[in-house]
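What follows is a short report on a single structure.
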Amino acid sequence: MQQFKKFCLIGGLGFVVDSLFFLILNEITDKIMLARLLSFWLAASATWFGNRIYTFNHQQFTNAFSQWCKHLLTAHLSGAINLLVFWFAKDIVSLPIAFCLGIFAGLFSNYFFSNRFVFISSPDSCASSD
C-alpha cells in the first residue's frame with residue numbers, strides 16, 4: 001500500500017507538471033493539441049523519473065531509455081483506458097462520475113503496468129550466484 005501511495009504522489013506531481021507546461025505552451029503556440037501532447041509527454045517523463053527514483057527505488061534497473069519508452073507506452077495505454085471507461089460510462093452515470101471512473105481506471109491500469117512491466121528489476125539483479 002505504501003508503494004501505491006508513493007505512486008499517487010508522483011502522479012499528483014505529474015499533474016502539476018502537465019498543467020503548468022500546458023498553460024505555458026498554450027501561450028507560446030496557437031496549436032492547442034500540440035501544446036497538450038507536449039505537456040503530456042513532459043508530465044509522463046517527469047512521472048517516469050519520479051517513480052524510478054522514489055516509488056520503485058528499491059529495485060535495480062539497467063537501461064533507462066528502454067524503461068522510459070515502456071513507461072510512455074503504458075501511459076498512452078492507460079490514457080486510452082481512461083477515455084474508454086469515460087466514453088462508456090458517460091451515458092450511464094453523470095459526467096463527473098464518468099470522468100472520475102475514467103481517471104480511476106487509468107490510475108489503476110497505470111500502476112499495474114508500471115509495477116508489472118515498466119519498473120521491474122533487471123534480470124541481472126535477480127540472478128542467483130552459484
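Quick note: the coordinates plus some simple rules give every number you see, no bench work behind them. None of the values given here were measured: they were computed from a predicted structure. Quick reminder, even Gly has a Cβ in these numbers, built from the backbone with ideal geometry, and neighbours come from all protein chains shown.
So here's what we get for this one:
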item: Total residues in region 102-117, condition surrounded by 13 or more Cβ atoms within 10 Å (Cβ to Cβ) and over 16 Å from Cys8 (Cα atoms); result: 1
item: Residues that are surrounded by 15 or more Cβ atoms within 10 Å (Cβ to Cβ) and either among the hydroxyl-bearing types (Ser, Thr, Tyr) or more than 16 Å from Ile10 (Cβ to Cβ) (or both), drawn from region 42-60; result: Ser45, Thr47, Thr55
item: Which listed residue, of Leu83, Leu77, is closer than 30 Å to Thr62 by Cβ and part of a helix (DSSP H, G or I); result: Leu77
item: Among residues of region 16-36, those that are under 28 Å from Asn115 (Cα atoms) and loosely packed, with under 13 Cβ neighbours inside 10 Å, counted; result: 2
item: Count of residues meeting criterion [part of a helix (DSSP H, G or I), among the polar types (S, T, N, Q) and surrounded by fewer than 15 Cβ atoms within 10 Å (Cβ to Cβ)] in region 61-74; result: 1
